[in-house]
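What follows is calculated from the coordinates using simple rules that are stated; it is not laboratory data. Being a predicted model, the structure only gives us computed values, none of them experimental. Because the Cβ atoms are built from the backbone with ideal geometry, glycine has one as well, and the counts that use them run over all protein chains shown.
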Amino acid sequence: MYVKDAEAKVGERHELAGWVYRKRGSGGIIFIIIRDRSGTMQVAIKKDKVSEQAWKAANDASIESSIEVEGMVKKDERAPTGFELEAENFKLVHASEPFPITEYQSPELLLDYRHLWLRSQKMTKIMMARAYIFRYAREFMDKNGFFEISPPLITKAGGETGSSLFAVDYFGEKAYLTESSQLYAEAMVYSLEKVYSFAPSYRAEKSRTVKHLAEYWHLEPEAAYFDLDDNMKFQEKLVSSIARKLAKEHEDLIKFFNIEPSTLLDIRPPFPRITYEKAIEILNEKGSKLKWGDDFGVEEERLLTEDQKKPIFVHHWPREIKAFYMPDDPKDPRTVKCADMLAPHGHGEIIGGSERIWKLDELLEKMKMFGLNTENYKWYIDLRRYGSVPHAGFGMGMERVIKWLLNLDHIRDAIPFPRVINRVEP
Ligand code: 4AD
Ligand code: MG
């Protein structure tokens, strides 16, 4: 059984396999708090109830040793969770060396020992929630008729901006780790029509912030004939579906993070939509000094979302500060047909998306405006030569979503082995 099943198994004999989380003893009795993936629970080993061998094993079991215990599940008010396993047999699978992490450690040390810190209750719960969030995202995409595709992660072209890329020595030739799989997803729209890639993206971000990773997981859907409105509607449904499923199916898990299920259940479409122009107005009323063409930083994102319960869209950004593949809106040619989704309470941008320029002339003109070398994008330009279709898509940063949904202080805790500017180990 798992620890979480204790209540249902009272009065029955079962086996628990796990690790020693805490231990104390006096005379003829040892109390071990055992930890398995589902939680922690007290195990009582009484000298007169177990074999000599089992008693010795329990004595030798140091913190973080792996153990197997068999015994009766009992209700016991004095036990931390109200349940206890009274051991009849005890096996020491592996006696742990003294565990290097003790109470009250600095965040830096916990990062150095990340491979061991992943066993903590906090990290265990986050990684479980992460797996559910990944699962629900994928389920939503599959259910809505999108095919998952596998993009290359090593690429030759300059990416979207050409900046912030990690270079790789590719058999003597210079290549890069991808910063986004979008351009490849676009190529596959011409056969599968609705696709998504779910893969890492790499950004050589020099910024040391609580929401930037150098390696993050990126969900990137792309759909033929979607326009900006379809794109936003789809994003709201996706985000709402993930948040609500997490709350419905894993109430205990989210309560561990002090999150009321209702706050996630209330995340339903539609999400508020404001134009970039309106956002600037709101921000300036709140004391910012922004002008047309300025991008938003952490502070602006916080000011815009501090009072929000749901994520908001900021759409129609100035063409100069968005990517080359975004089409101008003929209704306001200063802007492009794009939208970012910002999470509430300052967690920041979780999605960036747009329509894509699908006409050859328009694309070439825009690339010229951005000073991009068309040689580097030959295959991408080709897509606009042979039966091009209007399409749109977006990219959602999974760790940003996790950070927001679980209200984490730092994005590095949303991924098992974070890659940030000063850390590439363990
Ligand atoms: O806004 P971005 O840069 O957009 C793109 O890469 C598009 N090609 C996506 C697309 O349309 N297919 O990145 C998309 C999302 C951001 O909204 C953010 O959630 C996340 O990726 N993101 C990061 N997450 C963690 N660490 C970083 N350094 C991130 N940079 C972007
Ligand atoms: Mg963006």
Legend entry - GNM result for the chain, Cα springs below 10 Å: residue of Gly71, Gly371, Gly18 fluctuating most strongly: Gly371
Inset, instruction - Enumerate the residues in the stretch 55-91 having an amide nitrogen under 13 Å from the point lying 7 Å beyond the Cα of His14 toward its Cβ. - result: 69-75, 83-86
Legend entry - Rounded FRET efficiency, nearest 0.05, which uses the C-beta distance separating Lys291 from Asp409 and R0 of 22 Å: 0.10
Inset, instruction - Towards the positive end of the charge dipole of the chain, with charges on Cβ (+1 Lys, Arg; -1 Asp, Glu), say which of Tyr225, Ile254, Met369 has the farthest Cα. - result: Ile254
Inset, instruction - Determine which residues of the stretch 326-345 fall in the zone a paramagnetic label at Asp266 would reach in this model, i.e. backbone nitrogen under 17 Å from the point 7 Å along Cα→Cβ. - result: 343-345
Legend entry - Cα centroid separation, the stretch 61-136 to the stretch 338-370 (Å): 44
Inset, instruction - Count charges around Gly27 for me, please; just the other residues with Cβ under 14 Å from its Cβ, Lys/Arg as +1, Asp/Glu as -1. - result: +3
Inset, instruction - May I ask you to order 289-301, 402-414 by the average number of other C-beta atoms within 10 Å around their residues, highest value first? - result: 402-414, 289-301
Inset, instruction - Determine the percent antiparallel among the DSSP beta bridges restricted to the chain, to the nearest 5. - result: 90
Legend entry - Reachable lysines, given that their alpha-carbon falls under 21 Å from the alpha-carbon of Lys194 and they are not under 8 places away in the same chain: Lys143, Lys233, Lys237, Lys337, Lys359
Inset, instruction - Round to the nearest 0.05 the FRET efficiency obtained for Leu118 and Asp361 when R0 = 41 Å and r is the Cβ-Cβ distance. - result: 0.20
Legend entry - Separation of the Ser207 and Ile29 label points, Cα + 7 Å toward Cβ, nm: 5.6
Inset, instruction - Evaluate the distance, in nm, between pseudo-label points positioned 7 Å from the Cα of Glu139 and of Glu320 along their respective Cα→Cβ axes. - result: 4.6
Inset, instruction - Arrange Lys211, Lys23 by Cβ neighbour counts within 10 Å, fewest through most, would you? - result: Lys23, Lys211
Legend entry - Kirkwood Rh (inverse of mean 1/r, distinct Cα pairs), the chain, angstrom: 24.4
Legend entry - Highest average packing first - 385-392, 103-110, Cβ atoms within 10 Å: 385-392, 103-110
Inset, instruction - Rounded to the nearest 0.05, what FRET efficiency do Ser96 and Tyr225 give with R0 = 41 Å and r taken as the Cβ-Cβ distance? Could you check? - result: 0.10
